[in-house]
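**Student:** I am attaching a structure below and will ask some questions about it afterwards.
Where a number appears in this text, it was derived from the coordinates with a stated rule and is not lab data. Since the model is a prediction, treat every value here as computed from it, not as a measurement. Here the Cβ positions follow ideal geometry from the backbone for every residue, glycine too, while neighbour counts run over all protein chains shown.
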Amino acid sequence: MDSKEFEKQIPHLRSLMVGVGREFFGNRDDAEDVAQDALERLWRYCQRLDAQRNLDALTVMVAKNICVEKYKRRQREVMMDFRSKDGTSIEPPSPPNYNADAELQAAETAQRIDTALKTLAPREEQLVRKRHLEDKSTDEIAQETGLPKNSIKSMLSMAKAKLKKRLRQ
């Protein structure tokens, strides 16, 4: 897909990303951050995107991955900020606009994704993590694993179909 084609899709894709971010975090600001980061990630790889590929599904997956990354990063930052001088953990206070429901939903979504990934065959899980969590190209994965690119594409396609099915259940 060339950049012109991708630019035409941006308004639609952005609305999908904002929706994913809002569902995950429960607020507009975080949803906007998710959309911006996801668009940037997709933009970097728009030349590699296949026009026949389901761009909506890919967009949602990228946005969800970014949500999980942001959530985990925040958790690490919170835990680092609230350690006592002797290294023991202390309970962080809740911020004034604390949204326990959004945090719980985010944790549940992250857990569902992780659980679904673990139901895949080990090779499928490895390929999905490399492609969508580590953001590696098919060429990079082929070099690392020694598998043919067509096999990788096929395995990723089947793995994504399994993940979608499990996440809908």
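**Student:** My understanding is that a pair violates if its Cα-Cα distance is over 26 Å; which of LYS72/LYS153; LYS136/LYS162; LYS4/LYS72; LYS72/LYS136; LYS8/LYS165 do that in this structure?
**Tutor:** LYS72/LYS153; LYS4/LYS72; LYS8/LYS165
**Student:** What do you get for GluC sites (Glu not before Pro) in segment 104-142 restricted to DSSP loop and a cutoff of at most 16 other Cβ within 10 Å of the site's Cβ?
**Tutor:** Working: sites: GLU108, GLU124, GLU125, GLU134, GLU140; in loops: GLU134.
Counting only loop positions with at most 16 other Cβ atoms within 10 Å, the GluC sites (Glu not before Pro) in segment 104-142 are GLU134.
**Student:** How far apart, in nm, are two points set 7 Å out from the Cα along the Cα-to-Cβ line at GLU32 and at HIS12?
**Tutor:** Once both label points are built, they end up 2.5 nm from each other.
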